[in-house]
Amino acid sequence: MRKFLNKLLSERYGPDNLGVAIIILSLIPSILYAVLQYALLLYLAYLLFATVLFRMLSYNIRRRRAENDRYIRYWWPIRTRVLRFFAKIKNFFKKKKKK
């Protein structure tokens, strides 16, 4: 079994930042499906998860890396601004607590 898995997963792309983001994104329709019982949401979650599996098991490493690089170039400035905003809020409440 171990040899089979090693052979299956060798020279594959594997997980990356975009894959993790898509998995987190697939949780949203899953949770909404649990509340609303609307089947289309469940199919959307399955589609997103299948996309992650496709990317992880892909042999086309160059293309998957380019997709991840585009995602990081788009997401990193947004993430930085959001983290700075929350750091400012945290510092504001720390200063207010000291007074």
For this session: Filter the range 1-40 down to residues that are in contact (Cβ under 8 Å) with a residue 24 or more places away in the chain and β-branched (V, I, T) and give me whichever is surrounded by the fewest Cβ atoms within 10 Å (Cβ to Cβ).
Result: I23
Exercise. What tally of residues in the range 1-26 results from selecting those that are part of a helix (DSSP H, G or I) and more than 10 Å from the chain's Cα centre (by Cα)?
Worked result: 8
Exercise. Out of all the residues in the range 43-99, which are part of a helix (DSSP H, G or I), in contact (Cβ under 8 Å) with a residue 40 or more places away in the chain and closer than 30 Å to Y33 by Cβ?
Worked result: R55, M56, R64, E67, N68, Y71, I72, W75
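Residues are listed down the side, and each one gets a yes or a no for (1) of a type in the set (S, T, N, Q); (2) surrounded by fewer than 12 Cβ atoms within 10 Å (Cβ to Cβ); (3) farther than 23 Å from E11 by Cβ:
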position	(1), (2), (3)
R62	no, yes, no
W76	no, yes, yes
T80	yes, yes, yes
L83	no, yes, yes
F86	no, yes, yes
F93	no, yes, yes
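The numbers here are math on the coordinates, done by the rules we state, and not lab data. What you see is a predicted model, and the numbers here were worked out from it, not measured in a lab. Here Cβ is always computed from backbone atoms with ideal geometry, including for glycine, and neighbour counts include all displayed protein chains.
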